[in-house]
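Written out below as structure tokens is the structure these notes cover.
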Amino acid sequence: MTTQAKIGHGSTFAIKAGSPAQFVDVAEVTSITPPNMTRDAVDATHTASPDGWREFIPGLKDAGEVTIEFNFVPGSPSTQLLIDAFNADEPVECQITFPDGSPATVWSFEAIVTGLEFEAPVDDKMTGTATFKITGKPTLS
């Protein structure tokens with residue numbers, strides 16, 4: 001069977017902003033780490049658990065975080081978009097669009113920006129990293 005693997009080139013990360021609100025792509029994204037979902041395992045062991053083995057039931061789900069890396073362009077609209085999202089007192093709507101065909105697959109979620117870092121090395125391009133903590137259930141469509 002021939003592989004269906006694809007590279008991430010063409011993927012986009014967008015934040016809903018403006019009036020009227022619409023999704024705005026963050027420019028010059030170099031890497032996107034999609035949601036890293038986890039689920040709690042709740043210990044439900046009791047005194048009559050068969051043969052003394054622990055028993056577990058599924059617990060709450062956590063959509064985790066999304067991280068993007070980008071070329072930092074001071075004063076750019078994308079830098080301001082990220083700073084505004086960081087300063088927001090409410091979660092922001094975000095989406096990752098994958099270049100997998102038409103229609104493209106989109107991962108949508110609400111998140112708060114928990115980290116925004118910039119680097120300006122003397123001998124390399126300036127870069128940035130933004131970390132988004134997802135709140136609630138993300139959707140993949």
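General remarks:
- Alpha-carbon radius of gyration plus Dmax, which is the widest Cα pair, for the chain in Å: 19.4, 65
- Of all aspartates and glutamates in the structure, the ones whose alpha carbon falls short of 13 Å from that of Lys137, not counting any fewer than 8 places away in one chain, are Asp62, Glu65, Glu93, Glu110.
- Gain on full stretching of the segment that runs from Ala120 to Gln80 - 0.36 nm per residue minus C-alpha separation: 12.7 nm
- Solvent-accessible ranking of Thr79, Thr45, largest area first, probe 1.4 Å: Thr45, Thr79
- Zone residues, the range 42-81, relative to Ala27, backbone N less than 20 Å from point 7 Å out along Cα-to-Cβ: 68-81
- Glu93 accessible area, 1.4 Å probe, all protein chains in place, Å² to nearest 10: 80
- Separation of alpha-carbon centers, the range 62-84 and the range 124-141, rounded to whole Å: 8
- Helix 77-87 axis versus longest C-alpha principal axis of the chain: approximately 40°, rounded to the nearest ten.
- Summed side-chain charge close to Ile32 - residues other than Ile32 whose Cβ falls under 15 Å, Lys, Arg +1, Asp, Glu -1: -4
The values are calculated or read from the model by the stated rules, or taken from the named source; none is laboratory data. All values reported here derive from a predicted model rather than from experimental measurement. When we count neighbours, we look across all protein chains shown, and the Cβ atoms used for this are built from the backbone with ideal geometry, even at glycine. Just so you know, the surface numbers come from the protein's heavy atoms only, side chains and all, with ligands and any DNA or RNA stripped out. Shrake-Rupley method; radii C 1.70, N 1.55, O 1.52, S 1.80 Å.
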